[in-house]
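First the structure, in the form of structure tokens, and then the observations on it.
The values are calculated or read from the model by the stated rules, or taken from the named source; none is laboratory data. Predicted model, so just to flag it, every value in this text is computed and none were measured. All Cβ positions, even for glycine, are placed from backbone atoms using ideal geometry, and neighbour counts span all protein chains on display. Only protein heavy atoms, including side chains, enter the accessible area calculation; ligands, DNA and RNA are left aside. Shrake-Rupley method; radii C 1.70, N 1.55, O 1.52, S 1.80 Å.
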Amino acid sequence: APYKQVVTHGFVTDESGNKQSKRSGTAIDPVAACDKFGADVLRYWVASVDYANDVPCSDALLKQVGEHYRTVRNTLRFLLGNLQEFNPATAPATLLQIDQWICEQTTLLVDDVLSSYRRYDFNAAITAIHNFCVKDLSKFYLDAIKDRMYCDAKDSESRRSGQAACHQ
């Protein structure tokens with residue numbers, strides 16, 4: 001076999017817990033779901049479910065998952081959008097304390113997510129990423145740095161410190 005391990009999963013169910021099947025016409029068509037919600041939302045849903053048990057799937061659930069996906073995507077877009085004219089080789093030697101803190105939190109997140117993936121706990125990985133984007137980044141860090149990212153001189157140490165943290 002061309003693989004070392006196999007992961008199996010439960011049935012895909014509707015919101016009521018009834019098994020979806022193509023034969024009975026109750027299955028959600030992945031192509032139609034991709035057309036309606038986008039392939040990335042469907043991938044995000046797959047990565048977020050507890051595959052060891054039966055897995056609910058519905059338009060309402062995919063819509064909710066789409067909101068979570070867009071939260072992560074928009075957070076990453078903000079981070080990337082602040083890297084214009086940033087060169088990691090010219091980053092400040094010492095970052096501001098808040099920038100050091102978010103870099104440390106990112107390192108902890110990466111360790112946690114990699115550990116979750118090694119255990120095949122994809123739901124824990126996606127949940128950790130989403131919570132980090134919502135709580136640590138969007139509600140705190142990005143709000144705290146936005147003024148210096150937009151208002152400070154583009155070569156200022158404070159802006160470069162924030163860019164270095166965003167880059168990490």
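With a cap of 11 neighbouring Cβ atoms within 10 Å, and only residues DSSP puts in a loop, list the GluC sites (Glu not before Pro) found in the stretch 84-159.
Passing both the DSSP loop test and the Cβ count: 85.
Would you kindly work out the equivalent ellipsoid of the chain from its C-alpha gyration tensor and give its semi-axes, the square roots of five times the eigenvalues, largest first in whole Å? Provide the component values of the computation, followed by the final result.
Numbers: eigenvalues 304, 65, 33 Å².
The equivalent ellipsoid of the chain has semi-axes of 39, 18, 13 Å.
Taken as entire DSSP H runs, the helices of the chain that both span 24 Å or more between Cα atoms along their own long axis and average -0.5 or more on the Kyte-Doolittle scale are 59-81, 97-118. Under 21 Å of direct C-alpha separation, and excluding same-chain neighbours fewer than eight residues apart, residue 22 reaches these lysines: 36.
Please get the size of the charge dipole for the chain, origin at its Cα centre, with Cβ charges of +1 on Lys and Arg and -1 on Asp and Glu, quoted in debye to the nearest 20. Please report the intermediate quantities before stating the final value.
Details: 19 positive and 21 negative charges, 75 e Å.
Using only the charged Cβ atoms, the result is roughly 360 debye.
The alpha carbon centroids of the stretch 88-108 and the stretch 5-75 are separated by 36 Å. Once the 1.4 Å probe is applied to the protein heavy atoms, the chain comes out at 64 Å² accessible per residue.
Straight-line cross-link partners of residue 63 among the aspartates and glutamates, defined as a Cα under 19 Å from its Cα and at least 8 positions apart when in the same chain: 14, 15, 29, 35, 40, 50. Just checking the listed ones, 124, 91, 60: in the Gaussian network model of the chain with Cα springs under 10 Å, the one fluctuating most is 60. Cross-link partners of residue 154 among lysines, defined as those whose alpha carbon lies under 17 angstrom from its own and excluding same-chain residues fewer than eight positions apart: 146.
A cut-off of 5 Å between modelled amide H atoms, ignoring neighbours fewer than 5 places along the same chain, links residue 13 with 20, 55, 57.
Dipole orientation for the stretch 38-83: of the candidates 48, 83, 69, 83 has the Cα lying most toward the positive pole (charges on Cβ; Lys, Arg +1; Asp, Glu -1).
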